[in-house]
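Visitor: Take this structure first; my questions come after.
Nothing in this text is a laboratory measurement; each read-out follows from the coordinates by a stated rule. Because the structure is a prediction, the values reported are computed rather than measured. Glycine gets a Cβ as well: all are built from the backbone with ideal geometry, and neighbour counts include every protein chain shown.
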Amino acid sequence: MEERKAFLLRIDPELWKELEAWAADELRSVNGQVEYLLRQAVQKRRRALAEASEGSGA
């Protein structure tokens, strides 16, 4: 398995509380929740870019 990249993230305490609650609701760790949300955002961006390139005739 590929090693995971670790990095420091500074985050507003109120946002952290929201992420903790959301992660608990989804039965994930905060790290798992952040990674899940980032993956969703990347997939959404890829779809939007693909649709834009199809629409431009490229």
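Visitor: Cβ contacts < 7 Å: first residue hydrophobic (A, V, I, L, M, F, W, C), restricted to region 32-58; second residue surrounded by 10 or more Cβ atoms within 10 Å (Cβ to Cβ) and part of a helix (DSSP H, G or I), any location; separation 6+ or different chain. Result?
Guide: Between residues of region 32-58 that are hydrophobic (A, V, I, L, M, F, W, C) and residues that are surrounded by 10 or more Cβ atoms within 10 Å (Cβ to Cβ) and part of a helix (DSSP H, G or I), the close pairs are VAL34/LEU19.
Visitor: For region 1-20, name all the residues that are within 16 Å of the chain's Cα centre (by Cα) and either surrounded by 10 or more Cβ atoms within 10 Å (Cβ to Cβ) or of a type outside the set (Gly, Ala, Ser) (or both). Spell out the reasoning first.
Guide: Let us first name the residues in region 1-20 that are within 16 Å of the chain's Cα centre (by Cα), namely 4-11, 15-16, 18-20.
Of everything in region 1-20, those that are within 16 Å of the chain's Cα centre (by Cα) and either surrounded by 10 or more Cβ atoms within 10 Å (Cβ to Cβ) or of a type outside the set (Gly, Ala, Ser) (or both) turn out to be ARG4, LYS5, PHE7, LEU8, LEU9, ARG10, ILE11, LEU15, TRP16, GLU18, LEU19, GLU20.
Visitor: Further question: Tell me yes or no: at least one residue of region 28-51 is surrounded by 10 or more Cβ atoms within 10 Å (Cβ to Cβ) and in a loop (DSSP other than H, G, I, E, B).
Guide: Yes, region 28-51 contains a residue that is surrounded by 10 or more Cβ atoms within 10 Å (Cβ to Cβ) and in a loop (DSSP other than H, G, I, E, B).
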